[in-house]
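To start, the structure under review is shown below, and the notes come after it.
Readers should treat all values here as calculations from the given coordinates under stated rules, not as data from a laboratory. These numbers were taken from a predicted model, which means no experiment stands behind them. No Cβ is skipped: glycine too gets one built from the backbone with ideal geometry, and neighbour counts run over all protein chains shown.
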Amino acid sequence: MKSPVTQVLKNLHQRYASLHDGKVADYIPELAKVDPKLFGICIATRDGHLYEVGDTRHKFTIQSISKALSYGLALEDRGEDHVTSRIGVEPSGDAFNAISLKPGNGAPFNPMINAGAIATCGQVLKKDGQTRIDRIREYLSRCAIGQLDIDEDVYRSESQTGHRNRAIGWMLRNFDIIEEEPRDILETYFQQCSLRVNCADLAVMAATLANQGCNPVTGERAIAHEYVDNVLGVMASCGMYDWSGEWIYRVGLPAKSGVGGGILAVLPGQLGIGVFSPPLDDQGNSVRGIKVCMDLARELALHMFNPSAVPQPALRRSYNASQVNSRRRLPAPVFKALRSYGDRIRVMELQGPLLFSTFEPVIRELVKQAAYCQHVILNFANVFSVDGVSLRMLREVRQQLDDTGVRLLCCHAGRHGKALEVAGLGEDALFPSEDAALEACEDAVLEKVMPHHTPDVPPVALSKCSLFSTCDEDELQLLEERMEHRSFATGETIIHTGGTADELFVLSDGTVEVRLLLGNNRYQRLDVFSAGMSFGELAFLDGSPRSADVVTTAPVTCRVIRRSLFDVLGREHPALKAKILHQFALLLCERLRQANIEISALRG
């Protein structure tokens, strides 16, 4: 089963693969040899998951994308005050390779143009026996999937034709922006631009910036977190050369492009994007890359100024029906079967706003669970908004789940119910509560694993009641004679909250619900008991007031042990009372054990 996110990328790749606008960079001879048909798109999430389409593992040179990351290293080496005194952070309005410095002090306008990038290389220290390029290569490698190397052919080509950059270097030396002869710094810059990456590396680099400098794939700290905002700031204002204003308006993501055909874009706190396509526009940006990023930002609502774009994960917790069941009490053999096959039912509690970056992990989990589950329940109780992108992804994944025989249900939809119906979830898939959805899924699972099981438990004899399962015939006869028989119609309240607890009930036929009153004629179902089970034991044993209502959901016949009879059994038939108390203890132990399992799942 494929993710709807992957399908979005495939659609974009198909949409623009036939676009042949632009041309590869030819002012560097080696770059002119690149195949213009190469095209890859990759998204890396903050937890390190990659979505890839096309030529995402083809190696190419990083070029100017390196400027953003080496700026972070310079800040770490020298500090913000030192670096900003030599390199500005304002858009220049000129081409990336312009010989353009600020009047007066000769500082480059920003670190994203060549002048600023060369100055940045000059701020990187030689340290611990390592050269500047060694440290830059290691620094960029920590941000990527693996170790980066230098394309020696491209490096030689850049060095042999880099006369304009050499002129910039000597101008920087003239104004003491760099404090040594620029030869080594310039070669470092040429080598830095010649580092080989792939599209997936770019996405992970972007996700590292999105993740406050921690590489989400390796888990390694790559960029000091206090300088991530500085890097993202200059990317947002200057990263796309003379098209940066248009970019931030239309795409809304801090980004950096390179003449090798790559674009790196960041949705802070959430994800990174890498696109690779060599043909460039007049500003030196990848033509396909621009188109893909514009469409991604629009179709997945990724603009960083989207007011709902917050990083809170949408998946609050997840568990299966082996851990948390419906409130209905089932006969022991049926409950055992349900525990064995409960992993066929998965509950996923959602929260916050559902938008692409928060809902994507949920979609990923749905795709994963399709291999194991037959039923998935999405709980919307803590969801306060659902955007169109999330609904579209939900509709697509629901269709795929249907095709694989997996049933998708939603509960607590509330005001989102209409939107979920638009997403293809009909009334049969929407349930008022998680409890109701769980019960429906349990019945479906039991129908397959216990084909002769019926939800309606038939009437049972006293000997089949769990409370009296160890009694002999004489003891059963005694109880049959002395216990009171009662009948109730559907909807009658047998036990009232706050009432005295001088009776214990054993069901012979029918079902009852234990309800916690919430006010305004609302209640929460706590338990459902059927024939053969007992209720009202806790308050009966300790004499406390009743803590909930017990209401019939079908015609009920039951036996009643009054307190006076229980006292008589203690005096005249102590062995029988001991057997009943022993069964009480076993039942309470089983309920406590199940409660512990549920608490553990709900805390996860």
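If I filter the stretch 112-147 down to residues being more than 17 Å from Gln63 (Cβ to Cβ), charged (D, E, K, R) and part of a helix (DSSP H, G or I), which single residue comes out as farthest from the chain's Cα centre (by Cα)?
Only one residue fits best here, namely Arg132.
Let me confirm something: among Leu366, Leu354, Leu378, which residue is without any contact (Cβ under 8 Å) to a residue 60 or more places away in the chain and within 22 Å of Met304 (Cβ to Cβ)?
Leu354
Mind checking which pairs have a first residue in the stretch 31-56 that is at negative phi and a second that is part of a helix (DSSP H, G or I) and among the aromatic types (Phe, Trp, Tyr), Cβ under 8 Å, 6 or more apart or different chains?
The qualifying pairs are Phe39/Tyr16.
Restricting to the stretch 341-351, count the residues that are in contact (Cβ under 8 Å) with a residue 40 or more places away in the chain and either of a type in the set (S, T, N, Q) or part of a helix (DSSP H, G or I) (or both).
3
Are any residues in the stretch 489-514 in contact with a Pro (Cβ under 7 Å, 6 or more places away or on another chain) and within 12 Å of Thr557 (Cα to Cα), and if so, which ones?
Result: Ala489, Thr490, Ser508, Asp509, Gly510.
Within 22 Å of Phe96 (Cα to Cα), surrounded by 15 or more Cβ atoms within 10 Å (Cβ to Cβ) and within 31 Å of the chain's Cα centre (by Cα): is that true of Ile43 in this structure?
When the stated conditions are applied, Ile43 does not pass them.
If the requirement is being farther than 24 Å from Lys59 by Cβ, surrounded by 24 or more Cβ atoms within 10 Å (Cβ to Cβ), touching a residue at least 24 places away in the same chain (Cβ under 8 Å) and touching a Gly at 6+ places or on another chain (Cβ under 8 Å), which of these qualifies: Leu280, Leu264, Leu302?
When all the criteria are applied, what remains is Leu302.
For the stretch 399-414, indicate whether the set of residues that are aliphatic (A, V, I, L, M) and over 28 Å from Arg329 (Cβ atoms) is non-empty.
Scanning the stretch 399-414, I find at least one residue that is aliphatic (A, V, I, L, M) and over 28 Å from Arg329 (Cβ atoms), so the answer is yes.
Just checking, does the stretch 179-201 include any residue being surrounded by 18 or more Cβ atoms within 10 Å (Cβ to Cβ), aromatic (Phe, Trp, Tyr) and assigned to a helix (DSSP H, G or I)?
The answer is yes; a qualifying residue exists.
Kindly provide the set of residues from the stretch 464-480 that are polar (S, T, N, Q), surrounded by fewer than 16 Cβ atoms within 10 Å (Cβ to Cβ) and assigned to a helix (DSSP H, G or I), ordered by number.
Gln477
Scan (1) without any contact (Cβ under 8 Å) to a residue 12 or more places away in the chain; (2) part of a loop (DSSP other than H, G, I, E, B) for the single condition Gln524 breaks and write down its number.
The one condition Gln524 does not meet is (2).
Answer with yes or no whether Leu592 is without any contact (Cβ under 8 Å) to a residue 24 or more places away in the chain and among the aliphatic types (A, V, I, L, M).
Yes, satisfied.
Go through the residues of the stretch 10-26 one by one and say whether even a single one is out of contact with any Cys (no Cβ under 7 Å at 6 or more places or on another chain), outside any helix (DSSP H, G or I), among the polar types (S, T, N, Q) and farther than 29 Å from Asn215 by Cβ.
Looking for residues that are out of contact with any Cys (no Cβ under 7 Å at 6 or more places or on another chain), outside any helix (DSSP H, G or I), among the polar types (S, T, N, Q) and farther than 29 Å from Asn215 by Cβ, one finds at least one in the stretch 10-26, hence yes.
Considering the stretch 481-516 alone, what residues qualify as being surrounded by 14 or more Cβ atoms within 10 Å (Cβ to Cβ) and among the hydrophobic types (A, V, I, L, M, F, W, C)?
Matches in the stretch 481-516: Met483, Phe488, Ile494, Ile495, Ala501, Leu504, Phe505, Val506, Leu507, Val512, Val514, Leu516.
Of all the residues that make up the stretch 368-413, how many are part of a loop (DSSP other than H, G, I, E, B) and either closer than 24 Å to Tyr341 by Cα or not aliphatic (A, V, I, L, M) (or both)?
Residues meeting the conditions: 10.
Kindly check whether there is at least one residue in the stretch 500-510 that is on the phi < 0 side of the Ramachandran plot, in contact with a helix residue (DSSP H, G or I) (Cβ under 7 Å, 6 or more places away or on another chain) and assigned to a loop (DSSP other than H, G, I, E, B).
Yes: the stretch 500-510 contains one or more residues that are on the phi < 0 side of the Ramachandran plot, in contact with a helix residue (DSSP H, G or I) (Cβ under 7 Å, 6 or more places away or on another chain) and assigned to a loop (DSSP other than H, G, I, E, B).
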